[in-house]
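Notes follow the structure.
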2 protein chains.
Amino acid sequence: MPTKRQALILAEIVRIYNETGQPVGSKTLMGQLPFHVSSATIRNEMATLEEDGLIMKNHTSSGRIPSTAGYRYYLDHLLQPTAVPPQVFDKIAANFDRDYHEIDEIVKQSATILSNLTNYTAISLGPESADMTLTGFRIIPLGNDQIIAILATSAGTVESRVYRLLHLISSDDLEKAVRIINDQLVGLPLTVVKQKLAGEIPQLLTKYLHSSAGFLDLFGDVLKRAASQHFYVGGRSNLLNFAQPTDLDQLKSLYQLLDKESVLPSLLDLNQIDPRPDDPQQVLGPISVRLGDEFNNSLLSDYGLITAKYHVGQHGDGVIAILGPTSMPYSQLIGLLQLFSDELVKKLVEYYGYFHDDS
Amino acid sequence: MPTKRQALILAEIVRIYNETGQPVGSKTLMGQLPFHVSSATIRNEMATLEEDGLIMKNHTSSGRIPSTAGYRYYLDHLLQPTAVPPQVFDKIAANFDRDYHEIDEIVKQSATILSNLTNYTAISLGPESADMTLTGFRIIPLGNDQIIAILATSAGTVESRVYRLLHLISSDDLEKAVRIINDQLVGLPLTVVKQKLAGEIPQLLTKYLHSSAGFLDLFGDVLKRAASQHFYVGGRSNLLNFAQPTDLDQLKSLYQLLDKESVLPSLLDLNQIDPRPDDPQQVLGPISVRLGDEFNNSLLSDYGLITAKYHVGQHGDGVIAILGPTSMPYSQLIGLLQLFSDELVKKLVEYYGYFHDDS
DNA sequence: GTTAGCACTCATAACAATCAAGTGCTAAAA
DNA sequence: TTTTAGCACTTGATTGTTATGAGTGCTAAC
């Protein structure tokens, strides 16, 4: 446990290291700290901080840089979010000022905007609620043996995909099948729909149809797509801004990692409720930060991820996050992210608002 | 005009430089050429090649590397495509062995497969025909003021997008509008549809509907999307394989370039019919190569693009391309690309084949 | 507990020396 | 006329040396 003075020194090291990217020495600190002590005193304090594992040096006679543990302590106890300048606020609003046709368009754009604002990479996930229900399922023949299947949910998301039935099922049976799905399943949560799809639905179909071949696969496929999480990654190329030219291979792997939708949930740590059981300050609100070694992926050991969970009424929770180097201007970014997720929520509520005018 | 012997030397320089990435000297060449002359003789020949601008050196006493003009000459007169080993052939087939629901899925996957095979970046564009016609337009209400608009074309592509009408138009009028579109426009090429949309259609709509507000924008939007080219870029991260660590900024710009769909047509040089008016050898068939300074973009000055145009019956032409450094193993890649585009065409024909069973 | 002073460490830059690869040129050989 | 051996010369890369400077740890005095 660092003393108050040590904590101030740590905070200053974080700040300066962040600005300059260079290790911070005792003399530099002397000129910057809010109290005056000699460099020798600072050196003594720094020695203690180093014993505690909060700062470290590259070689015997270099200045200190924060260790991951140091960042952790800084984030949990010292950081104060900075107010966001009004022009940034305007910029967010201006970027969001478009007509969106689907929620995913808003969510996707939010990742783009956030990455442009920060010059880091942004990841976004739309609002999701466990009790999102099925509101309708349609199949429209398009001629040429093509059909399009459309599934709408209470969250306002619409999933559609083209299929080809290859004469496996008559159009009569198809209509019946769609009617059965709607009669039986509309209004039910997608999770329940999934269960019923494995249970009673197949029996119903075989009872009333001549052949249900292919239909179940089709419906299952659309359902799976409608229920799956869609992540959007914006500003991938910003990873090049701070990459060491030496480890391009690592960077390549990271690029490939971000393209795999399957790993993003674990990155964003979606399953964990309260990640920090100790006593972190509460200024961060719904924002949390994960640092290098806290990922279970060595590729990210030099990266940090600032995650904000946002909440959109009954439509559930979404996530928006900033991925960058361990050393980021956290106090500014967290302020920004707080504001940004508020704006995103506003935009989403606005969308849903129209949405419910009519229902 | 290089002599026969100089041409052989140039070809060998290209080959060795490609393998090693190092400038090639006269002694190295002496051991590799299909004829024996002394290194001094080779030096003389190289001096001539350099006068002709086909090779160059980094500094006074370094080996030679091919200049862009040298590559150009090599590609036009010397290159011989290499036969593709059967296991590569199998790999292509295995990767394509899936059920595809839409043409764009095949096209997209083709970029991914090609980039994996080559370890370069691949760009693909689906087959397009100028006389693709409109085969149907639907609007399906989804409740909650949402509708989905669906446009199908003779090329088998289906464009769908969700819209919200906000009470601007009654569902009666909407149905009528859709009927008018289908009556008037089905069977016409999309280009003609576009013209009519600017001409007589608005009048028809105002004649028969109470209000057509919003509908024209909506239809125009779907139409535009259906008619626009969709490029797919696969293996972006492969750009990191050969990037100089020094010019990460340039690389970042290139990444952003590849994300802009609007610049890809000019990259692929889609408008040009016969790019090389002089007398290139014909072994390349429908494949052409563009080198650095032949792009009108300085970002690409160190890159090369191997482009194959393919043809799918009446469904028009598509393009598949490999983007990599100026120095690539062209003879292998061109053989591969030839084979690959054949396989892609097969797969597409297979898709269209089913497609027309029914019509 | 704080501070001035000092010896010590280490990365970095600058500089010279050396080496290896490769060139151009000349004069002799074919 | 073409080819080749020989040689002087250029240049980048490597290595070793030295100087510099930022920064530390420690000690003794305040």
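The values are calculated or read from the model by the stated rules, or taken from the named source; none is laboratory data. Bear in mind the structure is a predicted one, so any value in this text is a computation, not a measurement. Cβ placement follows ideal geometry from the backbone for every residue including glycine, while neighbour counts extend to all protein chains displayed. The area values use the complete protein model at the heavy-atom level, side chains included, leaving out ligands, DNA and RNA. Shrake-Rupley method; radii C 1.70, N 1.55, O 1.52, S 1.80 Å.
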Response to the item:
Of B:29, B:75, B:54, B:49, the only residue that is of a type in the set (A, V, I, L, M, F, W, C), crowded, with 18+ Cβ neighbours inside 10 Å and in contact (Cβ under 8 Å) with a residue 60 or more places away in the chain is B:75
Item to complete: Determine if segment A:232-250 includes at least one residue that is open to solvent by less than 70 Å² (accessible area, probe 1.4 Å), more than 11 Å from chain B (Cβ to nearest Cβ), touching a helix residue (DSSP H, G or I) at 6+ places or on another chain (Cβ under 6 Å) and on the phi < 0 side of the Ramachandran plot.
Response: yes
Discussion item. Just checking, does segment A:139-149 include any residue being touching a residue at least 24 places away in the same chain (Cβ under 8 Å) and farther than 30 Å from residue A:261 by Cα?
Written reply: yes
Worksheet entry | Among (1) touching a residue at least 12 places away in the same chain (Cβ under 8 Å); (2) under 30 Å from residue A:256 (Cβ atoms), the one test that residue B:97 misses | (1)
Item to complete: Taking the residues in segment A:147-161 that are of a type in the set (S, T, N, Q) and more than 7 Å from chain B (Cβ to nearest Cβ) as candidates, determine which candidate is nearest to residue B:148 (Cα to Cα).
Response: A:157
Worksheet, complete the sentence: Checked B:181, B:169 against criteria (surrounded by 13 or more Cβ atoms within 10 Å (Cβ to Cβ), out of contact with any Asp or Glu (no Cβ under 9 Å at 6 or more places or on another chain) and modelled with pLDDT under 90); the one match is B:169
Discussion item. Condition first: of a type in the set (A, V, I, L, M), more than 14 Å from chain A (Cβ to nearest Cβ), within 16 Å of DNA strand C (Cβ to nearest atom) and over 35 Å from the mean Cα position of the chain (by Cα). Can you find one or more residues in segment B:49-62 that meet it?
Written reply: no
Item to complete: Show the residue pairs that are 6+ apart or on different chains and have beta-carbon atoms under 7 Å apart, the first residue being within segment A:289-300 and crowded, with 17+ Cβ neighbours inside 10 Å, the second being among the basic types (Lys, Arg).
Response: A:291/A:72
Discussion item. Just the residues that are of a type in the set (S, T, N, Q) and part of a helix (DSSP H, G or I), please, taken from segment A:1-16.
Written reply: A:6
Discussion item. Here's a check for you: in segment A:37-77, which residue that is aliphatic (A, V, I, L, M) and under 26 Å from residue A:289 (Cβ atoms) is farthest from DNA strand D (Cβ to nearest atom)?
Written reply: A:75
Worksheet, complete the sentence: Exactly one of B:268, B:248, B:257 is closer than 28 Å to residue A:251 by Cβ and modelled with pLDDT of 90 or more, and that residue is B:257
Discussion item. For the list (1) touching an Asp or Glu at 6+ places or on another chain (Cβ under 6 Å); (2) open to solvent by less than 40 Å² (accessible area, probe 1.4 Å); (3) away from DNA strand D (no atom under 16 Å from the Cβ), I need the number of the one condition that residue A:7 fails.
Written reply: (1)
Practice prompt. Please determine, by comparing only the residues of segment B:221-231 that are open to solvent by less than 50 Å² (accessible area, probe 1.4 Å) and within 14 Å of chain A (Cβ to nearest Cβ), which one is nearest to residue B:119 (Cα to Cα).
Written response: B:226
Worksheet item: Would a scan of segment B:260-275 turn up a residue that is touching a strand residue (DSSP E or B) at 6+ places or on another chain (Cβ under 9 Å), among the aliphatic types (A, V, I, L, M) and within 14 Å of another protein chain (Cβ to nearest Cβ)?
Response: no
Worksheet item: Among the residues of segment B:32-46 satisfying the criterion of being open to solvent by 40 Å² or more (accessible area, probe 1.4 Å) and within 6 Å of DNA strand C (Cβ to nearest atom), which is nearest to the other protein chains (Cβ to nearest Cβ)?
Response: B:43
Worksheet item: Which of the residues spanning segment A:175-198 are out of contact with any Leu (no Cβ under 9 Å at 6 or more places or on another chain) and among the small types (Gly, Ala, Ser)?
Response: A:198
Worksheet item: Counting just the residues of segment B:108-139 that are out of contact with any helix residue (DSSP H, G or I) (no Cβ under 9 Å at 6 or more places or on another chain) and open to solvent by 10 Å² or more (accessible area, probe 1.4 Å), which one comes out farthest from the other protein chains (Cβ to nearest Cβ)?
Response: B:108
Discussion item. List the residue pairs whose Cβ atoms are under 7 Å apart, where the first residue sits in segment A:206-233 and is more than 15 Å from residue A:134 (Cβ to Cβ), the second is open to solvent by 50 Å² or more (accessible area, probe 1.4 Å) and among the small types (Gly, Ala, Ser), and the two are 6 or more positions apart or on different chains.
Written reply: A:210/A:170
